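Below is one structure, written out as structure tokens, with a few remarks after it.
Where a number appears in this text, it was derived from the coordinates with a stated rule and is not lab data. Since the structure is predicted, the reported quantities are computational estimates derived from the model, not experimental observations. As a convention, Cβ positions derive from the backbone with ideal geometry for all residues, glycine included, and neighbour counts pool all protein chains shown.
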Amino acid sequence: MKSPMKTPLLLLPGLLCDAALWQPQRQGLADIAETVAGDLTRHDSLAAMAEAMLAEMPGRFALAGLSMGGYVAQEIMRRAPERVLRLALLDTSARADTEEQRARRRGLIELAGKGAFKGVTPRLLPLLLHPHRLADAPLVATVMGMAKRVGKSAFLRQQQAILGRPDGRADLPRIACPTLVLCGRQDALTPLALHEEMAAAIPGAELRVIEECGHLSSLERPEAVTAALREWLLR
């Protein structure tokens, strides 16, 4: 008997992250999805990132983005909503940076420009991971390894792209495909309230909260995130 067609699924990583962010989901969904981990290291605007991803994918596809990947996913929805079969926004926001966030981002750009790029430092980890996972050596090594591979030049491009992102809240009610909004309960960078806001604005969206989990949900709670994405893909 012929197996059913697999859904093309584009997975977009966050700032200083690469395909390793989605490795558990790529393995766990291999029976139902043809996954592509997008490379968001080459451009310095969300528009250019979105156009590059649209050029890389076949006709219609499912789309999931975490953190900065979620910003790019929303940009793809603004540009080519008819191409997206279903949408998953993980640990992200529809809002533009606050002035405080912009100042912090510019400071990081300036520091890195002076040569002081250290990737993800132990000081940054509490923003990314649940407190209980900070001593998880393999997880921490994965997070730091991604940042090292992405490197300084791409980090500067990504920060520039994030700085230029619009407030996308007015665009959310126009999203018409099945949408999952997911976040870690203890996400310190993009808290639960931001996800409640997105889920309330997107018609028919499902909100899923992953317990005992910080910002990098796909790595911290891979089984729970994979199960949520499987339900979303099969819905």
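Mind sorting 177, 213 by how few other Cβ atoms lie within 10 Å of their own Cβ, fewest first?
Taking fewest neighbouring Cβ atoms as first place, the list is 177, 213.
Relative to the longest principal axis of the C-alpha atoms of the chain, give the angle of the C-alpha long axis of helix 99-113, reported between 0 and 90° and rounded to the nearest 10°.
Between helix and principal axis, roughly 70 degrees.
Using the alpha-carbon centroid of each, what span in Å lies between the stretch 190-225 and the stretch 1-74?
When both Cα centres are located, 18 Å separates them.
Around residue 88, which amide H atoms from residues at least 5 apart in sequence, or from another chain, sit under 5 Å from its own amide H, with H modelled in the peptide plane?
63, 64, 65, 180
Could you compute the net charge surrounding residue 19? Neighbours are other residues with a C-beta less than 12 Å from the C-beta of residue 19; K and R count +1, D and E count -1.
0
Could you tally the net charge around residue 81, taking each other residue with its Cβ under 13 Å from the Cβ of residue 81, Lys/Arg +1 and Asp/Glu -1?
+3
Using only the alpha-carbon atoms, what does the stretch 150-208 span along each of its principal axes? Please give whole angstrom values in decreasing order.
Largest to smallest, the principal-axis extents are 39, 27, 17 Å.
For the stretch 70-155, what is the charge dipole size about the Cα centre, in debye to the nearest 20, if Lys and Arg each add +1 at the Cβ and Asp and Glu each add -1 at the Cβ?
Roughly 260 debye, rounded to the nearest 20.
Where does the charge balance sit around residue 176 when Lys and Arg score +1, Asp and Glu -1, over other residues with C-beta under 12 Å from its C-beta?
It works out to a net charge of 0.
Order the peptides 180-191, 27-38 from the highest to the lowest mean number of other Cβ atoms within 10 Å of their residues.
The densest-packed peptide leads the list: 180-191, 27-38.
According to the Cα gyration tensor, what semi-axes, each the square root of 5 times an eigenvalue, does the equivalent ellipsoid of the stretch 36-112 have, listed from largest to smallest in whole Å?
25, 14, 10
Report the full-extension gain for the segment residue 135 to residue 95: residue separation times 0.36 nm, less the Cα-Cα distance, to one decimal in nm.
11.2 nm
Arrange the peptides 61-67, 202-208 so that the one whose residues have, on average, the most other Cβ atoms within 10 Å appears first.
Peptide ranking by packing, descending: 61-67, 202-208.
Which shape class, rounded, prolate or oblate, goes with the stretch 103-235 when its Cα gyration tensor gives a ≥ b ≥ c as root eigenvalues, a/c under 1.5 marks rounded, and past that a/b bigger than b/c marks prolate?
Verdict is oblate for the stretch 103-235.
Starting from the Kirkwood Rh over alpha-carbon pairs, what translational D in µm² s⁻¹ does the chain have by Stokes-Einstein at 20 °C and 1.002 mPa s?
So the translational diffusion coefficient is about 121 µm²/s.
If the cut-off is 16 Å between C-alpha atoms, which aspartates and glutamates fall inside it for residue 148, apart from same-chain ones fewer than 8 positions away?
18, 39
What ³J(HN,Hα) values, in whole Hz, does the Karplus curve 6.51 cos²θ - 1.76 cosθ + 1.60 give for the stretch 55-71 when θ = phi - 60°, with x put for Gly and Pro?
6, 7, 9, x, x, 10, 7, 7, 9, 9, x, 10, 6, 4, x, x, 5
If the only charges are +1 at each Lys and Arg Cβ and -1 at each Asp and Glu Cβ, what is the size of the charge dipole of the chain around the Cα centre, to the nearest 20 debye?
The calculation lands at about 500 debye.
Which of 54, 11, 222 sits closest to the plus end of the dipole of the chain, meaning its Cα is farthest towards the positive end, when Lys and Arg get +1 and Asp and Glu get -1 on the C-beta?
The Cα lying farthest towards the positive end belongs to 54.
Determine the gain in length on full extension of the stretch residue 197-residue 118; use 0.36 nm per residue of separation and subtract their C-alpha separation, reporting nm with one decimal.
Computed gain between residue 197 and residue 118 is 25.1 nm.
Residue 211 versus residue 42, label points 7 Å from Cα toward the beta carbon: distance in nm?
Placing both labels 7 Å beyond Cα along the Cβ direction yields 4.3 nm.
Per-residue ellipticity at 222 nm for the chain, helices alone: DSSP H runs ≥ 4 residues times -39500 (n - 2.57), over residue total, nearest 500 deg cm²/dmol?
The helix-only estimate for the chain comes to -13500 deg cm²/dmol at 222 nm.
Under unit Cβ charges (Lys, Arg +1; Asp, Glu -1), what dipole magnitude, rounded to 20 debye, does the stretch 1-112 have relative to its Cα centre?
300
When every alpha-carbon pair in the stretch 95-153 is counted, what percent end up more than 19 Å apart?
41
When a/c reaches 1.5 or more, the comparison of a/b and b/c decides; with that in mind, is the stretch 1-140 rounded, prolate or oblate per its Cα gyration tensor?
Oblate shape, in that a/c is at least 1.5 and b/c is the bigger or equal ratio.
With labels modelled as points extended 7 Å from the Cα through the Cβ direction, what inter-label distance (nm, one decimal) is found for residue 54 paired with residue 170?
Simple spin-label model gives 2.0 nm for this pair.
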